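In what follows, a structure is listed as C-alpha cells, so that the remarks can point back to it.
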C-alpha cells in the first residue's frame, strides 16, 4: 500500500484534490492493510478532507476572471 | 418561321409565344445580387443578378424564398436555379428562381473538406490523440465572444453545475477578419493560464460563412497544441467544424460544452456522501477486526494461567530440592570431617598455590586486558544467536507441544478466525505428525 503524503491543509486543496485524497483514504482503510495508528491518522485526515469538501461545495461562489475582452450583459438576464 | 412572316399577331399573343419558348430554358445561374426588394407584403421577392456586363431581373415566390433560410442582401454572390419567363404586362424578360443558395458556400465546403482530409491524414483527429477531461477541474478556460448568448450560456451552466471551479475567460472576436488570429491568441492565453485544466471553445449559431474561422487550419492546430484538453461547443448543427474534429471532446452547443467540461454538483455531493459513509465504516471495521484478533490472543492458555509458563521449571526445582533434602543429613557428618581435615591441608598448600598462581594471574590479567573485548563480542554474538533461536517460534516446535494449525481446503492459507469458514467447508489440520482433512460442522465466531 502506497502511503499518501498529505498534500497540505484540506482547506488549501482544490476540491478535486481533496475529494481524490478522501477517496484514496477510504480505499486504504477498506483494504485493512494499515496499522491501527495509521488507520486512525488517516481517518482523522479523511474527516477533515470531508469537511473541506462539503464547505467548498456549500460556499462555492463562481469566480470569473477575464483574460481579455469585456463581457456584455446578456439581454436575456 | 414562315408563319411569322405572313401572319400578324397581337402583342399579347407575341409575348405568350415568346414566354412559352423561354419557359423551356431551365438553368442554374451564378451572379451578384443588386437591387433586391423583399417587402413582407409582396407575393414574391424581386432582385437582379448581375455580372460585369449584364443584368438579369429575377423573382422568387415568397414561400420558396422563406423556405431557403437566408436573407438576400445586395452584393451577395448567389447561385439560383429556375426557369426563364416573361412578364407580359411590362414586356420584360425575367428569371423565376426556384432554389437559392449562397454561391460561396459550396466552394467553402469543398475547401473545408479538403483541409479535414489533410489534418486527418496527419493524425490530428485520431482517437488516440483525444485526451480525457479532468474529473474536477479547479479552473476552466473559456474562449468565446464576449458578446452574445454563448458566453452567458457557459457562465450560467457552470454556475449551476459546478461553481467550485474558477472560470477564466478570453473574450475574443469569433467571426470576420481577424477572428482567426483572435481565436488562436485566446486559446493560447486560456490554455497557458496557470491552473486551467480544460478549455471550452464556444460560439453561438451562425451561417456557414460566419463559422469559417473555426474551420481555419491555424485554429485547428492551436486546438491540437493546447496544453490542456479542449471541448468545443460551436452551435452549428449539423455541420462539424474542423475545430470540432480536432478537439478532445465535441459538444453541440456552448451549454453542452460546459456540461461536458464540469461535473454536476449533485453528482459530486453524492460522491462526497458516499465517501463519508465508507470512511466511518472502514475505520470501524478495521477496529472491530483488531479487537477480535486481540480477544483471540487474550484467550490463549498462556494468558489465562501464568503458572503454565513456569510449570516445567517449577517441577524440576521441586524435585531437585527434594533430592537435596534427602542427601543432606548423611552428608553433613562426613563433610564436617572432610572439611576439618581439608582445612588444615588447604591452609598449608594455600600459600604455595598463592605464590604459584600469582604469576599465572598476572599473565592471565594481561591476556584478559588484551583479549577481553574480542571475547565479549563473541559472547554477545552467541547470545544474540541463541535468543533469536528462542524467539523463533518454529511452527513445528509449536506443533510438537500439541498445538495444531488449521489451513483452508487448499492448504495455502492459515485460518485465523472462525468467520473465515462456514459449516460444511473443508479444512486441513496440520499436526506435529501428519495432516487431517476435516469438514467444519459448526463455527463459533466468539472464543
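Has the range B:262-270 got at least one residue that is surrounded by fewer than 15 Cβ atoms within 10 Å (Cβ to Cβ), within 22 Å of the chain's Cα centre (by Cα) and touching a residue at least 60 places away in the same chain (Cβ under 8 Å)? Yes, that holds for at least one residue. If we scan the range B:239-259, do we find a residue that is surrounded by fewer than 14 Cβ atoms within 10 Å (Cβ to Cβ) and more than 11 Å from chain A (Cβ to nearest Cβ)? There is at least one residue in the range B:239-259 that is surrounded by fewer than 14 Cβ atoms within 10 Å (Cβ to Cβ) and more than 11 Å from chain A (Cβ to nearest Cβ). Scanning the range B:157-183 for residues that are free of Cβ contacts under 8 Å to residues at least 40 places away in the same chain and facing chain A (nearest Cβ under 8 Å) yields B:159, B:166, B:167, B:168, B:169, B:170, B:171, B:172.
I need the full set of residues from the range B:62-86 which are under 14 Å from residue B:42 (Cβ atoms) and either free of Cβ contacts under 8 Å to residues at least 24 places away in the same chain or not assigned by TED's automatic domain parsing to the domain that holds residue B:34 (or both), in order please.
Passing the criteria: B:62, B:63, B:66.
Among the residues of this structure, residue B:30 counts as one that is under 30 Å from residue B:205 (Cα atoms) and either loosely packed, with under 15 Cβ neighbours inside 10 Å or over 60 Å from the mean Cα position of the chain (by Cα) (or both). Please tell me if residue B:124 is in contact (Cβ under 8 Å) with a residue 24 or more places away in the chain, over 29 Å from residue A:69 (Cβ atoms), away from every other protein chain (no Cβ under 14 Å) and in contact with a helix residue (DSSP H, G or I) (Cβ under 6 Å, 6 or more places away or on another chain). It is false that residue B:124 is in contact (Cβ under 8 Å) with a residue 24 or more places away in the chain, over 29 Å from residue A:69 (Cβ atoms), away from every other protein chain (no Cβ under 14 Å) and in contact with a helix residue (DSSP H, G or I) (Cβ under 6 Å, 6 or more places away or on another chain).
Residues that are touching a strand residue (DSSP E or B) at 6+ places or on another chain (Cβ under 6 Å) and either part of a helix (DSSP H, G or I) or touching a residue at least 40 places away in the same chain (Cβ under 8 Å) (or both) within the range B:218-240 comprise B:223, B:228, B:229, B:230, B:231, B:233, listed in sequence order. If I filter the range B:290-302 for residues that are within 14 Å of chain A (Cβ to nearest Cβ), surrounded by fewer than 11 Cβ atoms within 10 Å (Cβ to Cβ) and at pLDDT 70 or above, do I get at least one hit? Taking every residue of the range B:290-302 in turn, at least one turns out to be within 14 Å of chain A (Cβ to nearest Cβ), surrounded by fewer than 11 Cβ atoms within 10 Å (Cβ to Cβ) and at pLDDT 70 or above. Can you name every residue in the range B:184-200 that is within 19 Å of residue B:258 (Cβ to Cβ) and more than 10 Å from every other protein chain (Cβ to nearest Cβ)? Scanning the range B:184-200 gives B:187, B:191, B:198, B:199, B:200.
If the condition is being touching a residue at least 12 places away in the same chain (Cβ under 8 Å) and facing another protein chain (nearest Cβ under 7 Å), then the range A:47-57 contributes A:50, A:53, A:56, A:57. Using the structure shown, decide if residue A:70 is at the interface with chain B (Cβ under 9 Å from one of its Cβ atoms) and either in a helix (DSSP H, G or I) or in contact with a strand residue (DSSP E or B) (Cβ under 9 Å, 6 or more places away or on another chain) (or both). Here the answer is yes, as residue A:70 does meet what is asked. In the range B:181-201, the count of residues that are under 22 Å from residue B:165 (Cα atoms), in the same structural domain as residue B:169 (by TED's automatic domain parsing), more than 26 Å from the chain's Cα centre (by Cα) and at pLDDT 95 or above is one or more.
Quick check on my filter: what residues within the range A:31-46 are facing chain B (nearest Cβ under 7 Å) and in a helix (DSSP H, G or I)? Result: A:36, A:39, A:43, A:46. Here A:7, A:20, A:28, A:60 are screened, and the one residue that is modelled with pLDDT under 85 and at the interface with chain B (Cβ under 9 Å from one of its Cβ atoms) is A:60. Scanning for something over 30 Å from residue A:55 (Cβ atoms), more than 12 Å from every other protein chain (Cβ to nearest Cβ), surrounded by 11 or more Cβ atoms within 10 Å (Cβ to Cβ) and modelled with pLDDT under 70, does the range B:321-331 turn up at least one residue? The answer is yes; a qualifying residue exists. The condition (being surrounded by 13 or more Cβ atoms within 10 Å (Cβ to Cβ), at pLDDT below 90 and touching a helix residue (DSSP H, G or I) at 6+ places or on another chain (Cβ under 8 Å)) is satisfied by just one residue among B:93, B:100, B:133: B:100.
Residue B:150 meets the stated requirement of being crowded, with 16+ Cβ neighbours inside 10 Å, on the phi < 0 side of the Ramachandran plot, assigned by TED's automatic domain parsing to the domain that holds residue B:207 and not in a loop (DSSP other than H, G, I, E, B).
The values are calculated or read from the model by the stated rules, or taken from the named source; none is laboratory data. Because the structure is a prediction, the values reported are computed rather than measured. When we count neighbours, we look across all protein chains shown, and the Cβ atoms used for this are built from the backbone with ideal geometry, even at glycine.
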